[in-house]
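First comes the structure, then the notes that go with it.
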Amino acid sequence: MRSIGGSRKGEIRVSSIQDFADKYQEGTNYFEKLVKSLKPTDLDTKAPGEWSARQIVHHMADSEAQSYARLRRLLAEPEGSVIQGYDEGAWAE
């Protein structure tokens, strides 16, 4: 069994790739259920200096796409790959 995560509190214990995929799907299902529970008026409400729910949803989608592209590049070019960063705040706007 492997541990994924930097701390005990945030650690995910997995015994296989399928177990990891199942845990990932559970998180996705939870997030989708949470977003679907929001009223349309809730999407753009935010505290000063914070992101709105809409911006967070868009950030999650952007982050997922960036992670996918990074992983594909690391698999295709394992030696010397450079992981390109991006300004997540600018993408949220």
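Data overview
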quantity	calculated
Overall form of the range 25-93 per C-alpha gyration tensor (a/c, 1.5; a/b vs b/c)	oblate
Cα-centre dipole for the range 51-93 with unit charges at Cβ (Lys and Arg positive, Asp and Glu negative), debye to 20	120
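Coordinate-derived values only; no laboratory data. These figures come from a predicted structure and were not determined experimentally. So basically every Cβ, Gly included, is an ideal-geometry build from the backbone, and we count neighbours across all protein chains shown.
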